[in-house]
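Written out below as structure tokens is the structure these notes cover.
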Amino acid sequence: MFEQVRHAMDRLRGVVAELDPARLDGRQARRLVEEFAAIERLAGAGKALAMRRVEATRAWADSGSFRDAAAWLAATGGTTVGHARSTVETSAHLEEFPETEAALRGGELSEVQVNEVVSAARSDPSAERLLLDSAKRDGVRGLKDQCARVRAGACVDEAARYQAIHDARSLRHWRDVDGTGRIDMRGPADATARVMSALQPFERDLFTTSRDAGRRERTDALAFDALVALTSAAGGERGAEAGCTVVVRVDHAAFRRGHTEAGEVCEVAGVGPIPVSVADRLSDDAILKALIVNGEDVRAVAHLGRTIPARLRTAVDEMFPECAVEGCHVNRYLEIDHNVPISEGGPTALWNLRRLCGHHHEYKHAHNLRLEGEGTRQRFVPRGPPPAGPAPPARELALV
């Protein structure tokens, strides 16, 4: 076995040493990246499988004065201790999930994906297949969202879990050695969502200003500038007019029951799960939008703005918390798109609306494409003829 691994490594080292990207066309370079990514997944699988034995025998202790196996693995692999610790924990429990181990051995999962799947499946083993399916289609970000839901659904006492998060809340400020200021904020999802929501009007203004000036700023850079602007405006008229909004998505059955069960959702949209009791408490707050859902259908919307356009926009925002294109997880500065354009008779109805990131919105129109699929797993297809006959009815929205 060792000879095979060394031989494969020597051959791969030779390939990399002789690699001249300038001699490749775009398609060849893309294929090469895909092959190297597959090799990377297989290497990660071998590392996770062997790590189980390294930990069991404490062989890592023979390699130096390391605190634990994670510290040794981080030094060996050139990664952070946090990432290495996730791999050590995954390797210790991997044999409990044979489907996940088989997918890992087959090169289907990256290190990040298998760490997320095993961590969440330990909370609810019955969700293993659901998580593996999510890993295949949703990308890392979508998988992490699904894992968060599984953990929340497996929590027996969600109120106690929420209180524990609240008790551990913190805001830390420090400076890196290069002089960079850093802030880390941890706490209940509804509280952090309020902070991020309060930044939105400032971010919009900054985005418009930079766009009009011909600059393309990173979204995280705009968020930083917005936080600085918010603190400058604290107590002023601009802060009072911000009109920040927190969106809570909750399954209809869970909302009526008062708590979630496995497979149900109660979460701050785009942030993470919260107990139903917290959603109920937040419902008295004027900044809340509460969306009652049943599967893919929006059953009811509680919204400060009572006009139909506001309700429709809320429903579209709920159905598309991120770009509708499969694999694109952009969830900021999304633009509402008519799948069948108004110029071709497409109505402003829920069934015909999507939210897209700026790139995919422009791409769709530049290539005259349409989208098909469900939710945020849609794919581009060539334009077909406008729908004949009456348009499909929009889903009904009733105010709570």
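The values are calculated or read from the model by the stated rules, or taken from the named source; none is laboratory data. Here the structure is a predicted model, which is why all the values come from computation and not from measurement. Methodologically, a virtual Cβ is constructed for each residue, glycine included, from the backbone with ideal geometry; neighbour enumeration extends over all protein chains shown. Side chains included, ligands, DNA and RNA excluded: accessible areas come from the protein's heavy atoms. Shrake-Rupley method; radii C 1.70, N 1.55, O 1.52, S 1.80 Å.
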Flagged in the stretch 151-170 as loosely packed, with under 10 Cβ neighbours inside 10 Å and either of a type in the set (Gly, Ala, Ser) or within 17 Å of Ala191 (Cβ to Cβ) (or both), in numbering order, are Asp167, Ser170
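Yes/no matrix, rows are residues, columns are (1) at pLDDT 90 or above; (2) in a helix (DSSP H, G or I); (3) of a type in the set (Val, Ile, Thr):
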site: Arg85; (1), (2), (3): yes, yes, no
site: His93; (1), (2), (3): yes, yes, no
site: Val117; (1), (2), (3): yes, yes, yes
site: Arg122; (1), (2), (3): yes, yes, no
site: Arg129; (1), (2), (3): yes, yes, no
site: Arg141; (1), (2), (3): no, yes, no
Within the stretch 162-198, the residues that are in contact with a Leu (Cβ under 9 Å, 6 or more places away or on another chain) and over 23 Å from Cys266 (Cα atoms) are Ile183, Asp184
- Message: Being among the acidic types (Asp, Glu), within 30 Å of Ala120 (Cα to Cα), at pLDDT 80 or above and under 19 Å from the mean Cα position of the chain (by Cα): is that true of Asp167 here?
- Response: no
Within the stretch 43-70, restricting to residues that are assigned to a helix (DSSP H, G or I) and at pLDDT below 90, the one that is farthest from the chain's Cα centre (by Cα) is Asp62
Of the candidates Phe224, Phe255, the one satisfying the condition of being at pLDDT below 80 and either buried (at least 18 other Cβ atoms within 10 Å of the Cβ) or under 22 Å from Gly187 (Cα atoms) (or both) is Phe255
Exactly one of Ala152, Ala103, Ala84, Ala159 is over 23 Å from Ala37 (Cβ atoms) and out of contact with any strand residue (DSSP E or B) (no Cβ under 8 Å at 6 or more places or on another chain), and that residue is Ala159
Picking from Asp190, Asp178, the residue that is at pLDDT below 85 and either open to solvent by less than 40 Å² (accessible area, probe 1.4 Å) or of a type in the set (Asp, Glu) (or both) would be Asp178
Flagged in the stretch 176-204 as closer than 30 Å to Ala279 by Cβ and without any contact (Cβ under 8 Å) to a residue 12 or more places away in the chain, in numbering order, are Val195, Arg204
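Results for (1) among the charged types (D, E, K, R); (2) part of a helix (DSSP H, G or I), shown as yes or no for each residue.
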{"position": "Leu199", "(1), (2)": "no, yes"}
{"position": "Glu203", "(1), (2)": "yes, yes"}
{"position": "Leu206", "(1), (2)": "no, yes"}
{"position": "Gly214", "(1), (2)": "no, no"}
{"position": "Asp220", "(1), (2)": "yes, yes"}
When restricted to Leu104, Leu109, the only residue closer than 22 Å to Arg137 by Cβ, of a type in the set (A, V, I, L, M), outside any helix (DSSP H, G or I) and open to solvent by less than 40 Å² (accessible area, probe 1.4 Å) is Leu109
Note: among Glu40, Glu3, just one is surrounded by 12 or more Cβ atoms within 10 Å (Cβ to Cβ), of a type in the set (D, E, K, R) and part of a helix (DSSP H, G or I), namely Glu40
Going through the stretch 159-197 in order, the residues found to be of a type in the set (A, V, I, L, M, F, W, C), closer than 19 Å to Ala229 by Cα and in a helix (DSSP H, G or I) are Ala193, Val195, Met196
Among residues of the stretch 339-368 being open to solvent by 30 Å² or more (accessible area, probe 1.4 Å) and aliphatic (A, V, I, L, M), the residue farthest from the chain's Cα centre (by Cα) is Ile342
Considering residues that are open to solvent by 80 Å² or more (accessible area, probe 1.4 Å) and within 24 Å of Gly44 (Cα to Cα), the number found within the stretch 19-32 is 2
On the basis of being in contact with a Phe, Trp or Tyr (Cβ under 8 Å, 6 or more places away or on another chain) and part of a helix (DSSP H, G or I), does Ala75 make the cut?
yes
Check your understanding: Can you find a residue in the stretch 259-276 that is more than 20 Å from Ser123 (Cα to Cα) and at pLDDT 80 or above?
Key -> no
